[in-house]
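One structure is given here, and the rest of the page talks about it.
The values are calculated or read from the model by the stated rules, or taken from the named source; none is laboratory data. Worth saying up front: this structure is predicted, and the values here are computed from it rather than measured. Note that we place each Cβ from the backbone using ideal geometry, even for glycine, and neighbour counts take in every protein chain shown. Just so you know, the surface numbers come from the protein's heavy atoms only, side chains and all, with ligands and any DNA or RNA stripped out. Shrake-Rupley method; radii C 1.70, N 1.55, O 1.52, S 1.80 Å.
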Amino acid sequence: MTAGARARLRVMLLFGGRSAEHDVSLVSAVAVAGALRDAGYDVVPVAITKEGRWLLSDEARAVLDAVADAGAPQVLPSSFAAIGEPVVAVVDPTRPSLASVDRPDRAEFHVDVVFPLLHGPYGEDGTIQGLLEVAGLPYVGSGVVGSAVAMDKVMTKRALAAEGIPQARYRALREHEVTPAALDDVAADLGYPCFVKPANMGSSVGVSKAGDREELRIAVELALEYDEWIVIEAGLDVREIEVAVLGDETPEASRPGEIIPGAEFYSYADKYEHDDARLIAPALLTVEEEAEVRELALRAFAACGCQGMARVDTFLRRDGGGFLVNEVNTIPGFTPISMYPKLWSVSGLPYPQLVQRLVELALARHERRVRRAGHQRH
Ligand SMILES: Nc1ncnc2c1ncn2[C@@H]1O[C@H](COP(=O)(O)OP(=O)(O)O)[C@@H](O)[C@H]1O
Ligand SMILES: [Mg+2]
């Protein structure tokens, strides 16, 4: 499919980023760039290095090409850091454009819409979304609030609880509240095993399963290295079922998929190092279970204030206790084997149409916002 008679829109693809999921983002970016081109858009790649430097077109394109050529994300980080000089992007709210101030030789470039493909902190957490709001640029996915709520496990749990959405029993603690007595209390309340997680991470970084009091202490110490807020959850015997949500005012839920972890739980190593986990789409569920989890995903999406897209990760209790919502990811992986595009593909929406739909949703939301603000540009 092409964008038809419409002038070719320029989509800025923002990828890389300052998080543990930097390399995943690069692989996703290659796939999304290809799909955007197939859908008839011009792609303006902007890479963010692990150090937070923004690389504009040529350097960013070189990064994409290197990923595509190498076919393996592991080879990238060293070469990536060496490409390009620091670039400061200035944002002009009266025109959707970014100009480089410390590279005056570089022509200003125009973009119509931004596709932020950054996972984790400084990308998926509302910070980049805030920058794009200030710039007056339309962008794909959730706004500031939805991104921030979904990224923060404590806030997600509060939002889900407020809407009566089932979730694992949990306790939230801040660093100064962590005392031996507090941990005794949590252990007595939740029992073992329990899962300890930093509030604000992703990719299972800092997440561990504790089977006794000593492991709980070590797990809490580890989680506190990543965030001053942590959550501790009752560990359950579950199947991991994920649903892709797409849309804005009337979002739709895809068919569910299932993750079969290769390790004891779906850890960072399992996700990105061993590659032992298996993704099954569609998941083997009863008709009733499928309907239930799709409905639950839409409720969780709304509870967190998400827009455009999100992957809602649920747990199906093996003891017959039904579904629980685990977390909501506002910028899910987009590699060719990632769950989000896979779920849409098995639901009848192929990859290029999916990215086109996301761009259209971004533009439509921006138009509504501009109309409301009463200062239409041009
Ligand atoms: N309460 C729980 N009971 C059982 N397994 C859990 C629980 N919480 C997390 N897990 C396991 O840990 C993995 C990572 O936890 P998750 O909350 O998804 O962190 P992240 O946001 O880093 O992906 C999950 O995919 C699952 O395998
Ligand atoms: Mg997860």
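Starting from segment 327-344, take each residue that is closer than 15 Å to CYS306 by Cα and list its partners that are acidic (Asp, Glu) and assigned to a loop (DSSP other than H, G, I, E, B), counting only C-beta distances under 8 angstrom and pairs at least six apart or across chains.
ASN329/GLU124; THR330/GLU124; ILE331/GLU124
Show the residue pairs meeting these rules: Cβ distance below 6 Å; 6+ apart or different chains; first residue within segment 199-210 and touching a residue at least 60 places away in the same chain (Cβ under 8 Å) and β-branched (Val, Ile, Thr); second residue in a loop (DSSP other than H, G, I, E, B) and open to solvent by 20 Å² or more (accessible area, probe 1.4 Å).
Final answer for the pair search is VAL205/ALA20.
Among the residues that make up segment 91-112, is at least one of them under 30 Å from GLU360 (Cα atoms), surrounded by fewer than 22 Cβ atoms within 10 Å (Cβ to Cβ) and modelled with pLDDT of 90 or more?
Scanning segment 91-112 turns up at least one residue that is under 30 Å from GLU360 (Cα atoms), surrounded by fewer than 22 Cβ atoms within 10 Å (Cβ to Cβ) and modelled with pLDDT of 90 or more.
Being in contact with an Asp or Glu (Cβ under 9 Å, 6 or more places away or on another chain), surrounded by fewer than 21 Cβ atoms within 10 Å (Cβ to Cβ) and modelled with pLDDT of 95 or more is true for just one of LEU284, LEU279, LEU316. Which residue is that? First the steps, then the outcome.
Working: LEU279 fails: modelled with pLDDT of 95 or more; LEU316 fails: surrounded by fewer than 21 Cβ atoms within 10 Å (Cβ to Cβ).
Sole residue among the options that is in contact with an Asp or Glu (Cβ under 9 Å, 6 or more places away or on another chain), surrounded by fewer than 21 Cβ atoms within 10 Å (Cβ to Cβ) and modelled with pLDDT of 95 or more: LEU284.
Please determine, by comparing only the residues of segment 121-138 that are in a helix (DSSP H, G or I) and touching a strand residue (DSSP E or B) at 6+ places or on another chain (Cβ under 8 Å), which one is modelled with the highest pLDDT. Talk me through it step by step, then tell me what you get.
Of all residues in segment 121-138, those in a helix (DSSP H, G or I) come to 127-135.
Right, trim to touching a strand residue (DSSP E or B) at 6+ places or on another chain (Cβ under 8 Å) and you get 128-129, 131-132, 134-135.
Numbers: ILE128: 93, GLN129: 96, LEU131: 91, LEU132: 93, VAL134: 89, ALA135: 87.
Only one residue tops the list, namely GLN129.
Would you pick out the residues in segment 36-54 that are outside any loop (DSSP other than H, G, I, E, B) and touching a helix residue (DSSP H, G or I) at 6+ places or on another chain (Cβ under 7 Å)? Quick ask: steps written out before the conclusion?
Within segment 36-54, the subset outside any loop (DSSP other than H, G, I, E, B) is 36-38, 42-48, 54.
The answer is LEU36, ASP38, VAL43, VAL44, PRO45, VAL46, ALA47.
Looking at SER254, is it more than 24 Å from MET201 (Cβ to Cβ), surrounded by 19 or more Cβ atoms within 10 Å (Cβ to Cβ) and among the hydroxyl-bearing types (Ser, Thr, Tyr)?
Values: more than 24 Å from MET201 (Cβ to Cβ): yes; surrounded by 19 or more Cβ atoms within 10 Å (Cβ to Cβ): yes; among the hydroxyl-bearing types (Ser, Thr, Tyr): yes.
Judged against the criteria, SER254 is a match.
One line per residue, one yes/no per condition, for (1) surrounded by 21 or more Cβ atoms within 10 Å (Cβ to Cβ); (2) touching a Ser or Thr at 6+ places or on another chain (Cβ under 6 Å); (3) in a loop (DSSP other than H, G, I, E, B); (4) modelled with pLDDT of 95 or more:
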| residue | (1), (2), (3), (4) |
| --- | --- |
| TYR272 | no, no, no, no |
| GLU292 | no, no, no, yes |
| LEU298 | no, no, no, yes |
| VAL325 | yes, yes, no, yes |
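Which one of these does ILE230 not meet: (1) assigned by TED's automatic domain parsing to the domain that holds ALA159; (2) crowded, with 16+ Cβ neighbours inside 10 Å?
(1)
Of everything in segment 139-168, what is assigned to a loop (DSSP other than H, G, I, E, B) and of a type in the set (A, V, I, L, M)? Give them in sequence order. I'd like the intermediate steps shown before the answer.
In the first step, residues of segment 139-168 are kept if they are assigned to a loop (DSSP other than H, G, I, E, B); the result is 140-143, 152, 163-168.
Within segment 139-168, VAL140, ILE165, ALA168 meet the criteria.
With the requirement that a residue be touching a strand residue (DSSP E or B) at 6+ places or on another chain (Cβ under 6 Å), within 16 Å of ligand 2 (Cβ to nearest atom) and not in a strand (DSSP E or B), what does segment 237-261 give you?
The answer is PRO256, and nothing else.
Report, by residue number, each residue of segment 181-214 that is in contact with a Cys (Cβ under 9 Å, 6 or more places away or on another chain) and either in a helix (DSSP H, G or I) or open to solvent by less than 40 Å² (accessible area, probe 1.4 Å) (or both).
First pass over segment 181-214, keeping only residues in contact with a Cys (Cβ under 9 Å, 6 or more places away or on another chain): 186-187, 209-211.
Across segment 181-214, the qualifying residues are VAL186, ALA187, ALA210.
Could you check how many residues of segment 327-351 are open to solvent by less than 40 Å² (accessible area, probe 1.4 Å) and more than 22 Å from ALA302 (Cβ to Cβ)?
Residues meeting the conditions: 5.
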